[in-house]
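The values are calculated or read from the model by the stated rules, or taken from the named source; none is laboratory data. Computed from a prediction, not measured in an experiment: that's the story for all the values here. Just the protein is used for accessible areas: all its heavy atoms, side chains included, with ligands, DNA and RNA removed. Shrake-Rupley method; radii C 1.70, N 1.55, O 1.52, S 1.80 Å.
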Amino acid sequence: MATSQAAGSTISSGAPWPGGTALLEDALHVVLPQAHPLATRESLDIAELAAEPWILGCLKTEAYLHRYAERAGFTPDVRGSTTDYPFARSLVTAGMGVSLIPSIALVPSVPGVRVVPVKAPAPTRYVGAATIGRHGERPLVAAFLRALREQAAQQGPSGPDGPRKSAA
């Protein structure tokens, strides 16, 4: 069972919570306006963005941003918050700030922004399914979880262009 370092704690990719079924590890990436001076970088340390205004795409992303910013020694200047990642990307495109957005929310790509991976330790979300009780006793739930695991395995790990097919 593989483990990943996320926000200071080791999380098993087998089941990130009791009774859960892990499906995907979804990396978060910095989204910058295309003309931003750091937009041509291959990867960024979150500390390099300490002076930037931030646009948030959801409350969970805000928690990641604050945790990683604190590790890097700064408090992010949050200028806008939404519960809609496409709208957050629109605000970035308009030059209102930078954002931290999970790979799954970066599909489809949009013109006017550049997606840059965060250097390790990079923030990563864990996407999974939770059930009540033992799903082995409920054939339809077990079949649904199997289908979810198969689909997630086909997607492979996520990258700056969203979920991608694994090489295996």
- Item | At 1.567 mPa s and 4 °C, Stokes D of region 48-116 from Kirkwood alpha-carbon radius, µm² per second | 107 µm²/s
- Work out, in µm²/s and without decimals, the Stokes-Einstein translational diffusion coefficient of region 77-117 at 37 °C, 0.692 mPa s, Rh from Kirkwood over C-alpha pairs. 311 µm²/s
- Task: Kindly sort Phe87, Phe144 by accessible area of their heavy atoms, largest first, with the probe set to 1.4 Å.
- Result: Phe144, Phe87
- With the 1.4 Å probe rolled over protein heavy atoms, region 17-151 has an accessible area per residue in Å² of 52 Å²
